[in-house]
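Novice: Take this structure, written in C-alpha cells, and hold onto it; I'll ask about it next.
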Amino acid sequence: MIISVNSDPNRNEFDVLLSSTIDELNIRAKNSTKKVATLLGRNLEPYVRDVMTDLAVGTVFENSIELIGGQKFPDIVAKKYYGIEVKTTTQNHWKTTGNSVLESTRVDDVERIFMLFAKLASPIEFRCRPYEEVLSEVVVTHSPRYLIDMNLEQGKTIFDKIKMPYDTLRKKESPIKPIVDYYKSKLKPGEELWWMDAENNSKPSSIVIKIWNNLSAKEKQELKNRAMVYFPELFGNSNDKFGRLAIWLVTREAVVCPNVRDLFTAGGKRDYVIGKKVYQKVPRIFLNLFDNIPNIVETIVQTSAFELSEYWETKTTEKTKIFDWIDLVAEHAKKIHDAKHLNIKQILTELTLK
C-alpha cells in the first residue's frame, strides 16, 4: 500500500510532475515500444511509479511517490493528497470501464485524483487528465462503475448530467441514488433500470440464470403472484403490457421466460362464482388473479409502500396500498373487451375483505 507523508500539496508543482511523467512515458513508448507494449494492467503501475519517482527528485514530491497494493483506489499516491489511477487498453481507442461509483476502497486522505491512461495499441500513447473530467456515464458489471473517456468534452461528464460535482457526489452516504434518479428520468415507457440503489428496494440478483420451466411449481406461482402485484398493466390491453415483467424476471430474478404472456393467459375462459353471483366466461388472466388473492394480498402487505410506488410509478402509502392496487388493476381492466361484464373493483374488494 502507498501512503504519502506530506499533507501540504502544491498543485502547480504536481501538475508539472504529471506533465513531465506523460512526456517521459511517451518518449519511452517511441524508443522502447516492445517493452512498453507488454506493460498491461498491474504491470504498468510500478513502471509509472518508478518514472514519477525519478522525476520527483528535487521537488516537494521527492520520496513521496508510493504504489498502493491490492485493490485500493487510486493506484499511486503522492504526499497523501494526490492520487493517480492507472488504466490500460490494447484497443485503439480511449475508453474503458472505470472504478466503482461507491469508491469503498478509496485511500484515506486522497483528495485529488488523476486518470493516467495508456493506449497500448499502435501507436502507443499515454494521456493524463483529472479523474472527474473523463467520467462520461455509469455502466454496470457486478456493481455500478464509471465509464472512462479520455476524449470527453468539457461539460459532458456524468457529473454535468446529474448537476452535481464529483466531490459532492463521492462524499454522499448514498452516491448511487442521484445517478439512479438521473437514469430513471431518461427511461422511455416500458423501460426499467436493471440495477438499483440497494438501500432502496432491490435485492441482489442471483449469479445463476434460470429457465422458467426448471422452476418448481411453488416458485412459479410465487413469481406470478408478485408480478400481478408489481405490474397492474398486465390486466390491460396494451401491446407491450408484458414488457416490464419480462425485464423484471431477467434482471431482478435471474429467470428467463420465453413465453411470458402464456403464464397468465394460457388455459382459456371459465365461469367464476363469488357467493351466489356467477361471472361467466372470465378471461384466464383474471381467473389467475382471483384464485390467488390471499397470497397476492400477503405480497402487498409485505412489500413496502416505497417499493410499490417505484413499481406502480405512482405514490402509495402503507395504509392505502391494497386499495391503490385494486384501483390500478380495475383501471387497466376497463380497457379489456372481454372483461367489460366484470366489475373488477367490486370483485377484488370482496375477495380481499373475505
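The values are calculated or read from the model by the stated rules, or taken from the named source; none is laboratory data. Just so we're clear, the structure is a prediction, and the values are computed from it rather than from any experiment. Cβ coordinates were reconstructed from backbone atoms using ideal geometry, including for glycine residues, and neighbour counts include every protein chain displayed. Calculation scope for accessible area: heavy atoms of the full protein, side chains included, ligands and nucleic acids excluded. Shrake-Rupley method; radii C 1.70, N 1.55, O 1.52, S 1.80 Å.
Novice: Out of (1) open to solvent by 20 Å² or more (accessible area, probe 1.4 Å); (2) in a loop (DSSP other than H, G, I, E, B); (3) more than 22 Å from Ile347 (Cα to Cα), the odd one out for Lys218 is which?
Specialist: It fails just one condition, (2).
Novice: Take Glu310 and tell me if it is over 29 Å from Lys177 (Cα atoms), of a type outside the set (A, V, I, L, M) and not in a strand (DSSP E or B).
Specialist: Numbers: over 29 Å from Lys177 (Cα atoms): no; of a type outside the set (A, V, I, L, M): yes; not in a strand (DSSP E or B): yes.
So Glu310 does not fit the description; no.
Novice: Follow-up. For the stretch 289-327, which residues satisfy the criterion of being open to solvent by less than 70 Å² (accessible area, probe 1.4 Å) and of a type in the set (Asp, Glu)?
Specialist: The answer is Glu307, Glu310, Asp324, Asp327.
Novice: So which pairs qualify, if the first residue must be in the stretch 179-190 and under 16 Å from Arg244 (Cα atoms), the second must be in a helix (DSSP H, G or I) and of a type in the set (A, V, I, L, M), the Cβ gap must be under 9 Å, and the two must be at least 6 apart or on different chains?
Specialist: Gly190/Ile247
Novice: In addition: Counting just the residues of the stretch 55-73 that are over 25 Å from the mean Cα position of the chain (by Cα) and hydrophobic (A, V, I, L, M, F, W, C), which one comes out surrounded by the most Cβ atoms within 10 Å (Cβ to Cβ)?
Specialist: Ile65
Novice: Okay, moving on. Please enumerate the residues belonging to the stretch 313-334 that are assigned to a loop (DSSP other than H, G, I, E, B) and touching a helix residue (DSSP H, G or I) at 6+ places or on another chain (Cβ under 9 Å).
Specialist: As a first pass, look at the stretch 313-334 and keep what is assigned to a loop (DSSP other than H, G, I, E, B): 313-320, 334.
If the condition is that a residue be assigned to a loop (DSSP other than H, G, I, E, B) and touching a helix residue (DSSP H, G or I) at 6+ places or on another chain (Cβ under 9 Å), then Thr314, Lys315, Thr316, Thr317, Glu318, Lys319, Thr320, Lys334 are the ones that fit.
Novice: A further question on this structure: Could you tell me which numbered condition Lys345 fails, if it satisfies all but one of (1) over 30 Å from Ser185 (Cβ atoms); (2) charged (D, E, K, R); (3) part of a loop (DSSP other than H, G, I, E, B)?
Specialist: (3) is the only condition that Lys345 fails.
Novice: Then there is this: How many of the residues in the stretch 261-286 are buried (at least 19 other Cβ atoms within 10 Å of the Cβ) and either without any contact (Cβ under 8 Å) to a residue 40 or more places away in the chain or of a type outside the set (Val, Ile, Thr) (or both)?
Specialist: To start, the set of residues in the stretch 261-286 that are buried (at least 19 other Cβ atoms within 10 Å of the Cβ) comprises 263-264, 282-283, 285-286.
Keeping just the survivors that are either without any contact (Cβ under 8 Å) to a residue 40 or more places away in the chain or of a type outside the set (Val, Ile, Thr) (or both) gives 263-264, 283, 286.
Number of matching residues: 4.
Novice: Turning to a different aspect of this structure: Of everything in the stretch 74-102, what is closer than 19 Å to Ile158 by Cα, open to solvent by 10 Å² or more (accessible area, probe 1.4 Å) and free of Cβ contacts under 8 Å to residues at least 60 places away in the same chain? Give them in sequence order.
Specialist: Correct list: Trp94, Lys95, Thr96, Thr97, Asn99, Ser100.
Novice: While we're here: Hand me the list of strands (runs of 3 or more DSSP E) wholly inside the stretch 1-101 holding 2 or more residues that are out of contact with any Asp or Glu (no Cβ under 8 Å at 6 or more places or on another chain) and among the polar types (S, T, N, Q).
Specialist: Details: elements: 65-67, 76-78, 82-89, 95-100.
Those strands (runs of 3 or more DSSP E) span 82-89, 95-100.
Novice: In this structure, does Arg252 turn out to be open to solvent by less than 80 Å² (accessible area, probe 1.4 Å) and over 23 Å from Asn343 (Cα atoms)?
Specialist: So Arg252 fits the description; yes.
Novice: Here's a follow-up. Quick one: would you say Val36 is surrounded by 15 or more Cβ atoms within 10 Å (Cβ to Cβ) and in contact with a strand residue (DSSP E or B) (Cβ under 9 Å, 6 or more places away or on another chain)? Please lay out each step first, then the result.
Specialist: Details: surrounded by 15 or more Cβ atoms within 10 Å (Cβ to Cβ): yes; in contact with a strand residue (DSSP E or B) (Cβ under 9 Å, 6 or more places away or on another chain): yes.
In short, yes.
Novice: Hey, another quick one. Of the conditions (1) in a loop (DSSP other than H, G, I, E, B); (2) closer than 30 Å to Thr88 by Cα; (3) at pLDDT 90 or above, Lys241 satisfies every one except a single condition; which number is it?
Specialist: (2)
Novice: All but one of (1) at pLDDT below 90; (2) closer than 30 Å to Thr105 by Cβ; (3) open to solvent by 60 Å² or more (accessible area, probe 1.4 Å) hold for Lys188; which doesn't?
Specialist: For Lys188, the failing item is (2).
Novice: Here are some conditions: (1) in a strand (DSSP E or B); (2) under 21 Å from the mean Cα position of the chain (by Cα); (3) modelled with pLDDT of 90 or more. Val138 meets all but one. Which one does it not meet?
Specialist: (3)
Novice: Same structure, new question: Being within 28 Å of Asn213 (Cα to Cα), part of a loop (DSSP other than H, G, I, E, B) and of a type in the set (S, T, N, Q) narrows it down to one of Asn259, Asn288, Asn295, so name that one.
Specialist: Values: Asn288 fails: part of a loop (DSSP other than H, G, I, E, B); Asn295 fails: part of a loop (DSSP other than H, G, I, E, B).
Answer to the check: Asn259.
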